[in-house]
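Below you'll find the structure, written out as structure tokens, and then a few comments.
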Amino acid sequence: MDLFNKPNAKLPKIKKDAHVDAQIPDGLFLACPYCGAQLYSKQLGEHRVCPNCGYGFRLQAYERVHLMTTAFEEWDADLTLENPEFPGYAEKLSRAKSQTDLNESVLTGKAVLEDETVALGIMDSYFMMGSLGTMTGEKITRLFEKATEQELPVVLFTASGGARMQEGINSLMQMAKVSAAVAAHQEAGLPYFVVLTDPTTGGVTASFAMQGDVTLAEPHALVGFAGKRVIEQTIHEKVPKDFQRAETVLENGFIDAVVQRKELPKVLAQLVRFHQPQGGR
């Protein structure tokens with residue numbers, strides 16, 4: 001497989017304070033979304049991790065490909081929704097495509113993690129907050145179907161704000177469609193590894209994000225179904241500050257391990273080797 005070579009994705013920008021000199025470039029200083037530490041962007045390093053708390057800043061899909069893989073062959077790159085009808089939706093899709101260089105909120109393909117070949121999916125929170133739309137579900141379904149045909153394990157990095165409201169019931173149906181493909185892959189005796197990244201919420205959490213054989217998460221990733229405000233309004237109580245963070249979810253048995261971003265390729269490759277049938281494939 002050829003190394004997939006895409007230009008470096010743009011770094012997230014922060015608003016400049018009114019008192020900051022206009023000559024200071026956007027994105028030079030950042031605030032950690034988890035601990036609030038004020039950071040010089042170069043302090044994050046190539047993995048874009050807060051040196052104070054270990055929180056992994058959000059990555060675009062192609063950024064994660066470069067960090068996690070040694071080779072990558074993209075699948076279904078041209079799959080896109082034709083003639084969206086919801087008012088203003090076509091313009092939002094166009095902006096998301098130009099910002100991420102993707103046609104949908106997930107990147108899929110065949111990849112090499114260290115020396116192990118896998119079917120890889122990476123959801124991109126910069127594409128309409130990684131929302132689950134019709135074509136997102138179709139791409140992930142095809143990922144599992146091709147992995148089953150080629151007898152490959154699946155590694156899926158999840159990042160989502162939930163189902164895409166502009167597509168209504170069609171987006172919700174993707175939960176069932178992907179789940180059926182996951183079940184067929186597992187019935188074939190093939191392993192499925194999930195890495196929950198910040199944030200993984202809504203219908204994605206309620207379906208395929210929680211169906212893996214092994215579920216990992218990045219430090220302090222937000223993991224849940226409904227948002228904190230909605231829960232508090234429903235139960236009329238305040239919830240603990242970190243009750244939807246990966247570490248709390250781990251303590252309650254829904255995650256197998258929280259893994260630092262730079263360690264993920266090694267850990268995932270080990271998991272693939274451990275789950276090989278005796279004698280290999």
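The values are calculated or read from the model by the stated rules, or taken from the named source; none is laboratory data. Model, not experiment: these values are computed from the prediction. With ideal geometry, Cβ positions are generated from the backbone for all residues, glycine too; neighbour counts draw on all protein chains shown. Side chains are part of the model used for accessible areas, which takes the heavy atoms of the whole protein and leaves out ligands, DNA and RNA. Shrake-Rupley method; radii C 1.70, N 1.55, O 1.52, S 1.80 Å.
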When each of 97/262; 92/146; 110/177; 42/262 is checked by Cα-Cα distance, pairs over 25 Å: 97/262; 92/146
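Based on DSSP, what percent of beta bridges with both residues in the chain are antiparallel, to the nearest 5?
Details: 18 of 36 bridges.
Looking only at bridges with both residues in the chain, the antiparallel portion is about 50 percent.
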P(r) tail fraction, the range 169-231 - alpha-carbon pairs more than 15 Å apart, %: 55 percent
Positive-end residue of 102, 150, 121, charge dipole of the chain with Cβ unit charges: 102
Local net charge near residue 124, Cβ-Cβ under 10 Å (Lys/Arg +1, Asp/Glu -1): -1
Exposure ranking of 185, 47, 66 by accessible area [1.4 Å probe, largest first]: 66, 47, 185
With DNA, RNA and ligands ignored, accessible area of residue 126 (1.4 Å probe; Å², nearest 10): 60 Å²
Cα-centre dipole for the range 169-281 with unit charges at Cβ (Lys and Arg positive, Asp and Glu negative), debye to 20: 260 debye
Over the chain - Rg/Rh using Cα atoms and the Kirkwood inverse-distance radius: 0.96
FRET efficiency estimate (nearest 0.05) - Cβ-Cβ, residue 270 to residue 150, R0 25 angstrom: 0.75
Whole-percent carbon and sulfur share, accessible surface of the chain, 1.4 Å: 51 percent
Approximate spin-label separation residue 188-residue 165, in nm, with each point projected 7 Å along Cα-to-Cβ: 3.7 nm
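Would you mind getting the accessible area per residue of the range 140-219, heavy atoms of the protein chains only, 1.4 Å probe, in Å²?
On a per-residue basis, the range 140-219 sits at 31 Å².
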The range 211-281: radius of gyration and largest Cα-Cα distance (Dmax), Å: 16.2, 56
Length gained when the stretch residue 95-residue 233 is fully extended (0.36 nm per residue, less Cα-Cα span): 46.4 nm
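Show me the three semi-axes of the equivalent ellipsoid for the range 94-197, from the C-alpha gyration tensor (sqrt of 5 times each eigenvalue), largest first, rounded to whole Å. Provide the component values of the computation, followed by the final result.
Values: eigenvalues 106, 53, 21 Å².
After diagonalising the Cα gyration tensor, the semi-axes are 23, 16, 10 Å.
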For the range 131-281: Kirkwood Rh in Å [reciprocal of mean 1/r, alpha carbons]: 16.2 Å
Spatial separation of Cα centroids for the range 146-186 and the range 203-229, in angstrom: 14 Å
